[in-house]
1. Considering only the range 32-43, how many residues are under 24 Å from the mean Cα position of the chain (by Cα) and surrounded by 14 or more Cβ atoms within 10 Å (Cβ to Cβ)?
2. Could you list, in sequence order, the residues of the range 1-27 that are surrounded by fewer than 14 Cβ atoms within 10 Å (Cβ to Cβ) and farther than 17 Å from ASN73 by Cα?
3. So, of the residues in the range 75-121 that are among the aliphatic types (A, V, I, L, M) and at pLDDT 80 or above, which turns out to be surrounded by the most Cβ atoms within 10 Å (Cβ to Cβ)?
4. Which one is modelled with the lowest pLDDT among residues in the range 216-240 that are surrounded by 10 or more Cβ atoms within 10 Å (Cβ to Cβ) and among the aliphatic types (A, V, I, L, M)?
5. With the structure loaded, tell me whether ALA61 is crowded, with 16+ Cβ neighbours inside 10 Å, at pLDDT 80 or above and not assigned by TED's automatic domain parsing to the domain that holds LEU216 or whether it fails that test.
6. Determine whether VAL164 is hydrophobic (A, V, I, L, M, F, W, C), modelled with pLDDT under 85 and surrounded by 15 or more Cβ atoms within 10 Å (Cβ to Cβ).
7. What are the residue pairs meeting all of these: first residue in the range 202-216, first residue in the same structural domain as THR128 (by TED's automatic domain parsing) and of a type in the set (D, E, K, R), second residue in a helix (DSSP H, G or I) and crowded, with 18+ Cβ neighbours inside 10 Å, Cβ atoms under 7 Å, and 6 or more apart or on different chains?
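The values are calculated or read from the model by the stated rules, or taken from the named source; none is laboratory data. From a predicted model like this one, the values you see are computed outputs, not experimental measurements. Note that we place each Cβ from the backbone using ideal geometry, even for glycine, and neighbour counts take in every protein chain shown.
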Amino acid sequence: MMESVTVQDRIIEHFKLRDVYEVELRIQAREQLSKATDISLGKKDGLIRVSVEDRDPQRAAAVANRYVEELQNLTTSIAVTEAQQRRAFFESQMLTIKQRLIESQLALEKTGFNAGALKAEPRAAAETYAELRAQLTAAEVRLQTLRSTLADGAPEMQQIAATVRSLRQQLTQLEVQQTGAQKSGADTDYVGRYREFKYQEMLFELMAKQYEIARLDESREGALIQVVDVAQPAEQKFKPKRSLITFASALLAGLAVAAMLVARPMLARRRQGVTSPA
């Protein structure tokens, strides 16, 4: 993620690295930044190490710290952990169900709903059906989210799958009973809309509970990225090495002197050969 194009482009734009590297294209700046950056993961300690080379030590430290900031920004917008994925999933489900709840409420109001519109038995039957259907949907959603992290043979998966089968069986039996007992006409239409409204209402409550559980699990995980050592400007140059420069200069000077000592006698003999009479 730290070596992604998104992170690199944000750093390039923040520090205006195209001007620093004297290039026109962003892809050229990415290449220069990649060459100047070393990101490694410790196999034993699990620490991420970021080092940046630059002519300006202050900018080198700032770019290294910026990598960490951009990684933190990226992980907050992307669901990385299992708890984050669950939280994002249930959050999207809540938005969808909330809209359906509003629609079912408006449909129910069109039937002339009032507090005494239903007798005890039809109302209780509708609420029982809605509760079973909501529990089944929540269990199916839970099973779907677990499939991303657990195998089908896992005990928790088998338990949820058994719950789904049991709820489906109960719901089918209740549907058969209510179908035979329903009246025709406006009462049937009203009971159906009331049942749909209660289903969406209970489903929203169940999703809200699952969302809160996922959000709490996410908060317990703590910060994904914790900075151990903040990058500081280097106190001495990393390269070019002064010792290597001194050694190379001395070696070149020695070779030049040796070449002069060898060449001088040869030049002297040539001169004598040119000036001596034939």
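1. Number satisfying all stated conditions: 3.
2. LYS16, ASP19, GLU22, GLU24, LEU25, ILE27 - these are the residues of the range 1-27 that are surrounded by fewer than 14 Cβ atoms within 10 Å (Cβ to Cβ) and farther than 17 Å from ASN73 by Cα.
3. ILE97
4. Ranking the qualifying residues of the range 216-240, first place goes to LEU224.
5. yes
6. Taking the combined requirement at face value, the residue does not satisfy it.
7. Close Cβ pairs (under 7 Å, with a partner that is in a helix (DSSP H, G or I) and crowded, with 18+ Cβ neighbours inside 10 Å) amount to ARG215/ARG87.
A quick yes/no check of all residues on (1) farther than 17 Å from ASP229 by Cβ; (2) assigned to a loop (DSSP other than H, G, I, E, B); (3) touching a residue at least 12 places away in the same chain (Cβ under 8 Å):
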| residue | (1), (2), (3) |
| --- | --- |
| VAL23 | yes, yes, no |
| GLU31 | yes, no, no |
| SER34 | yes, no, yes |
| VAL50 | no, no, yes |
| ARG59 | yes, no, yes |
| VAL68 | no, no, yes |
| THR75 | yes, no, yes |
